[in-house]
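Beneath this line is the structure, given in structure tokens, with notes to follow.
Read the figures in this text as sums done on the coordinates, not as results from a lab. Computed from a prediction, not measured in an experiment: that's the story for all the values here. Heads up, the Cβs are rebuilt from the backbone with ideal geometry, glycines too, and the neighbour counts pull from every protein chain shown.
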Amino acid sequence: MKALVYSFYFPPHGGPGAIRPLKMLKYASEQGLEGTVICAAEGDYNVRDDSLTVEIPASFEVLRTPERLDPLSFIRKRKPGAIHAPISDYFVLPDNKIWWIRPASKLGVMALPSADFVWATCPPYSAAMAARRAADALNLPLILDFRDSWTENPMRPKLPLPHRLVNRRLARKTIRRADLITGVNDAICDEIRRFAPKSPVACIPNGYAPEDFEGLDFAEKNDELTLFYLGTIYPDIRYPWPVLEAMAEVPGVRLRVAGRYPQRLTDDIARLGLGDRIDLLGFLPHREALQVGADSDISLLYIDPRPGGRGLTTCKAYEYIGLGNPILGFLPEGEAMDLLRDIPNAIIIAPEDKGAAMTSLIELKETFAANALVKHIPTGRYSRKNQAEEWFEMVREIVSSRKGEK
């Protein structure tokens, strides 16, 4: 079976936006899937992880659109430290990758007219619109996958009413064309069902690949309690200020950050006198980042209580589950909290409760000193391989059904 895949991010691009489609195609290819991936030019994304390229299945051809189709590349040249540019949502919808839609859809139609279905993973939501164009041109089933909400994404600013109406119209038109839609959690799937009540919708959560953790050297004993944070820290979204405040009051706790971070973080670290206790490692290749996590004692998850936060789980939560270390989660009510409630060594506190944060750090220090931190051995519940097999089975049913109708 052949797939025409639209994924703006794909290795050597790094980060969760590239890892989910990579793992899905890797494991589905073991079940006989082949095809072509249409993705952005290597220079159109500033997070690079060459180590992931060895996992691209040989049965897939990777084609890239020309460079400079991402307006953020211009912003990054003007502001090299910029991590994201939410202001662009006021000018282009569904997102700032809108210029990618036309060349990407054309490239796919020319590259694989013999495809059996078209699949897109979002965000960017422009990938779904490019895939819809290709599916219409080739008269093929359209399969969509959502890692974040299209219209209720808390990572995006609250748009004026006219913008929201346009964005919802684009989402409705695209989603209703799909023959199957998957989302990473129930909140996203509920939103999809509101747009397309007659379409098949399934929850395929993020996960972890057990082989990514094989051979990691887990710390025997650190000199002090060491927290680990994986992923980007944004200056105004999910910024872990209560964690920094608590660390300033509780000595003997170290934090390692494996991900991009804003100038605000370095300024706050200096102001709180935490410079010798927080290691800012920057973005690391996936395996190296996991090794930093294995060298640490506690995995740190922080989601602030902003509107729409209920639908956030974040990819890092599943990598933390795969690591097995205790998880300290600063979480509002929602999908992430529901996920960690099922993890026996997870500690959940309110995201803005400095007192609870201090108490948790003190208690964890005492447990650490007694050498009593408990690891959790993960099951296969969130195995990416199992999820890919489940997804591909649904896809086969959709494709077979469409072929039977012709």
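Taking the chain as a Gaussian network of alpha-carbon nodes connected by springs under 10 Å, the highest mean-square fluctuation of the residues Arg264, Arg176, Arg132 belongs to Arg264. Here Thr367 and Asp186 are evaluated by their C-beta separation; at R0 = 35 Å the FRET efficiency comes out at 0.60.
If N is the number of residues in the stretch 147-219, what value comes out of its Cα radius of gyration divided by 2.2 N^0.38 Å?
Numbers: Rg = 16.7 Å, N = 73, 2.2 N^0.38 = 11.2 Å.
Compared with the compact-globule rule of thumb, the stretch 147-219 sits at 1.48.
With a Förster radius of 56 Å, plug the Cβ-Cβ distance of Val92 and Glu245 into 1/(1 + (r/R0)^6) and report the FRET value to the nearest 0.05.
After rounding to 0.05, the efficiency reads 0.90.
With the simple model of a label 7 Å out from the Cα in the direction of the Cβ, Thr266 to Lys158 spans 3.3 nm.
Pairs Lys26/Lys173; Lys23/Lys316; Lys106/Lys403; Lys2/Lys106: which exceed 22 Å Cα-Cα? Working shown, then result.
Details: Lys26/Lys173 30 Å; Lys23/Lys316 15 Å; Lys106/Lys403 24 Å; Lys2/Lys106 18 Å.
Table pairs above 22 Å Cα-Cα are Lys26/Lys173; Lys106/Lys403.
Note on Lys198: aspartates and glutamates with a C-alpha under 14 Å away, same-chain residues under 8 apart excluded, are Asp179, Asp190.
Between Asn96, Asn371, Asn325, the Gaussian network model of the chain with springs among Cα atoms under 10 angstrom shows the greatest mean-square fluctuation at Asn371. Extension gain for Glu389-Lys198 works out to 66.4 nm (0.36 nm per residue, less the C-alpha to C-alpha distance). Whole-Hz Karplus values for the stretch 383-389 come out as 5, 4, 5, 4, 5, 5, 5 Hz, taken residue by residue from phi with 6.51 cos²θ - 1.76 cosθ + 1.60 and θ = phi - 60°; glycine and proline positions read x.
Pop the C-beta distance of Leu165 and Asp353 into the FRET formula with R0 = 56 Å and round what comes out to the nearest 0.05. Please list the in-between numbers first.
Values: r = 37 Å, r/R0 = 0.67.
Efficiency, from the Cβ-Cβ distance: 0.90.
Just checking the listed ones, Pro160, Pro305, Pro285: in the Gaussian network model of the chain with Cα springs under 10 Å, the one fluctuating most is Pro160.
If you scale each eigenvalue of the Cα gyration tensor by 5 and take the root, what three semi-axes come out for the stretch 210-380, rounded to whole angstrom and sorted largest first? Each step should come with its number before you reach the end.
Details: eigenvalues 89, 73, 58 Å².
With the √(5λ) rule applied to the stretch 210-380, the semi-axes are 21, 19, 17 Å.
Taking the helices alone, the chain has a mean residue ellipticity at 222 nm of -11500 deg cm²/dmol, built from -39,500 (n - 2.57) per DSSP H run of at least 4 residues and averaged over all its residues. For the chain, the residue among Trp391, Phe91, Phe117 whose Cα projects farthest onto the positive side of the dipole built from Cβ charges is Phe91. Taking every C-alpha pair closer than 8 Å and separated by at least 6 residues, the mean separation divided by the residue count of the chain gives a relative contact order of 15 percent.
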